[in-house]
Structures are given as C-alpha cells and as structure tokens.
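S.K.: I'd like to ask you about the structure that follows.
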Amino acid sequence: VRPADFAYDLPEASIAQVPLDDRPSARLLVDIGDGIHHQTVYDLPALVGPGDVIVINDTRVLPARLHLTRATGGAVEVLLVERLAGTTTSETWEALVRPSRRITPGTVLQPESGLEVTVGEDLGEGRRLVRLDALDGVPAALDRYGEMPLPPYLSTVLDDPDRYQTVYANRPASAAAPTAGLHLTDYILDACRASGAGIERLELVVGLDTFR
C-alpha cells in the first residue's frame, strides 16, 4: 500500500474553513449495506447499538505557532511539533522553523519579554531542535504568545480557538486537531451510550505530517 493509493481530487471550495457552530449538523456519509445515505452527525446515535464501539482521540491542540523576532529584527515563525524533554520552565522541542536556513544554531528568538526560544540543531526539511525558556512556565508562555496552528488546507483564523478543539480534549500535545471529532458533542456521545454503544478514549498526538 502506497500513500498515492489514497490520493484523490478535492476542490478547495469543498473544504470547510471553519467548524460549524452547531457541531452535529455536519454531514455524515453512511454506508451500512443498503446503499449510501447522506445524513448528519445528529443521526449517529440511531446508527449504533450494542456491540459497537466509538473510539475518540482526546488529544488537545497546543497554541504551538509562535511569531518571533531575531535581534536584528527579522521575523521568524516557529511551529512546535513534538516535545522531546524538559521541565516546567525549560523545554526542548522538534519544530518547523521558517526561514530555517538563515538561522544559525544558538540564535535566540523572542516575541516579547517572558519567553526565549533558542534554535539548535538542523534536522533537515525545515525541522530544528529548539529550546523554550520561560520563568513563568512554558505552558503559560505558549498560552500568552502562541497561536492555534491550522493545517495548510485551512485559511480562516478562528476568533474562538476552542472551536478548533474537541469537546473531550484533554492533555495539550498536538499541533493540529483530530478534525473528525470536532462534530461530536456530549449530547451525541451520551445518546450513543444510551443506544448501547461503547465509548473508548485514546490519545493519538497529531504532529508534523499534517503540515507536509
């Protein structure tokens, strides 16, 4: 099986740019043996029952996109994709850095006072090791200075970042949302349980491949 086996044409006009305000009103394509039907996520509880299991990915999206500057004033964008090590006030990450080739190892980047990002080893393809240092804690600094990263097929910035989180998001770890889960609500999940279906949680961190 090759990735190319799953390639298909999808017109840009068919790609939703923002999650629906009414999450379960999203369309649902159903094929359960008697032909294909076009329904909505509101219909999901009626389609499941005893013996069925719905697996949800409860990863939470980090505000992992940072717009920083060098001492010379040049702009640099850092997208954190995987936490490798660290403490509350100092963390090492793999990140996408743009423009990567112009940044020498040891370069310190800042948004404002309170956070320093030191660019390290070049890992190729725009990937770098970076160290984040923040006296008030790295998570708090990311909340203050970071932006919600959107995959390249989305161009609309969300006024409310929580709209790009699932309702059951837990540990902040991902660079992008598990978008299929954006359509589920507590009401829909409770209704699926009432229909006899099981709900199982797992954490699958969404990382760099979303942005390739």
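S.K.: I'd like the distance between the alpha-carbon centres of region 117-135 and region 84-116, rounded to an integer number of Å.
M.R.: 4
S.K.: Multiply the residue separation of LEU135 and LEU28 by 0.36 nm, subtract the distance between their alpha-carbon atoms, and state the gained length in nm to one decimal.
M.R.: Full extension from LEU135 to LEU28 adds 33.9 nm.
S.K.: Only helical DSSP H runs with n ≥ 4 go in: add -39500 (n - 2.57) per run for the chain, normalise by residue count and round the 222 nm mean residue ellipticity to 500 deg cm²/dmol.
M.R.: So the calculated ellipticity at 222 nm is -2500 deg cm²/dmol.
S.K.: Sticking with this structure for a sec: Let a ≥ b ≥ c be the square roots of the eigenvalues of the Cα gyration tensor of region 64-145; is it rounded (a/c under 1.5), or, if not, prolate (a/b larger than b/c) or oblate?
M.R.: Oblate.
S.K.: If a paramagnetic tag sat 7 Å from the Cα of TYR187 along the Cα-Cβ line, which residues of region 137-173 would have the backbone N under 15 Å from that point?
M.R.: 167
S.K.: Long-range amide H contacts for ALA64: which residues qualify at under 5 Å (H placed 1.01 Å from N, peptide plane, sequence gap of 5 or more or a different chain)?
M.R.: Hits under the 5 Å cutoff: GLU147.
S.K.: Apply the a/c threshold of 1.5 to the C-alpha gyration tensor of region 78-119 and tell me whether it is rounded, prolate or oblate.
M.R.: Cα axes put region 78-119 in the oblate bin.
S.K.: Residue by residue through region 68-80, which ³J(HN,Hα) values in whole Hz follow from phi under the Karplus form 6.51 cos²θ - 1.76 cosθ + 1.60 (θ = phi - 60°), with glycine and proline marked x?
M.R.: Going residue by residue, I get 10, 9, 7, 4, 7, x, x, 7, 9, 10, 10, 10, 6 Hz, with x marking Gly and Pro.
S.K.: Among HIS183, HIS37, which comes first, second and so on when ranked by fewest other beta-carbon atoms within 10 Å?
M.R.: The order, fewest Cβ neighbours first, is HIS37, HIS183.
S.K.: Using the number of other C-beta atoms within 10 angstrom as an exposure proxy, rank ASP133, ASP190 with the fewest first.
M.R.: Placing the least packed residue first, the sequence is ASP190, ASP133.
S.K.: Could you run the Karplus curve 6.51 cos²θ - 1.76 cosθ + 1.60 with θ = phi - 60° over region 93-104 and give me ³J(HN,Hα) per residue in whole Hz, x for Gly and Pro?
M.R.: 10, 8, 9, 8, 10, 10, x, 6, 5, 8, 9, 7
S.K.: Right, next: Just name one of LEU96, ASN57, THR69: the one whose Cα is farthest towards the positive end of the charge dipole of region 57-128 (beta-carbon charges, Lys/Arg +1, Asp/Glu -1).
M.R.: Value computed over the given set: THR69.
S.K.: If you don't mind, another one. Amide H to amide H under 5 Å from ILE54: which residues, 5+ apart in sequence or cross-chain, H placed 1.01 Å off N in plane?
M.R.: GLY198, ILE199, GLU200
S.K.: Only Lys, Arg, Asp and Glu count, each charged at its Cβ (+1, +1, -1, -1), so figure out the dipole size of the chain about its Cα centre, rounded to 20 debye.
M.R.: 640
S.K.: Quick one: which residues, 5 or more positions from LEU28 or on another chain, have an amide H under 5 Å from its amide H? H modelled 1.01 Å from N in the peptide plane, none for Pro or chain starts.
M.R.: Under 5 Å from the amide H of LEU28: GLN39, THR40, VAL41.
S.K.: What distance in nm separates the two pseudo spin-label positions at SER155 and ASP52, each 7 Å out from Cα along the beta-carbon direction?
M.R.: Going by the 7 Å Cα→Cβ label model, 3.7 nm.
S.K.: Turning to a different aspect of this structure: Could you give the nm distance between label points at ASP143 and THR87, where each point is 7 Å from its Cα heading toward the beta carbon?
M.R.: Placing both labels 7 Å along Cα→Cβ, they lie 2.1 nm apart.
S.K.: Still on this structure, please answer the following. If a paramagnetic tag sat 7 Å from the Cα of ALA194 along the Cα-Cβ line, which residues of region 43-57 would have the backbone N under 17 Å from that point?
M.R.: 43-50
S.K.: Can you pull out the chymotrypsin sites (Phe, Trp or Tyr not before Pro) in region 111-172 that DSSP calls coil and that have at most 14 other Cβ atoms within 10 Å?
M.R.: Answer in residue order: TYR153.
A short reminder: the numbers here are calculations on the coordinates, not readings from a lab. From a predicted model like this one, the values you see are computed outputs, not experimental measurements. Virtual Cβ from ideal backbone geometry, glycine too; neighbours counted across all protein chains shown.
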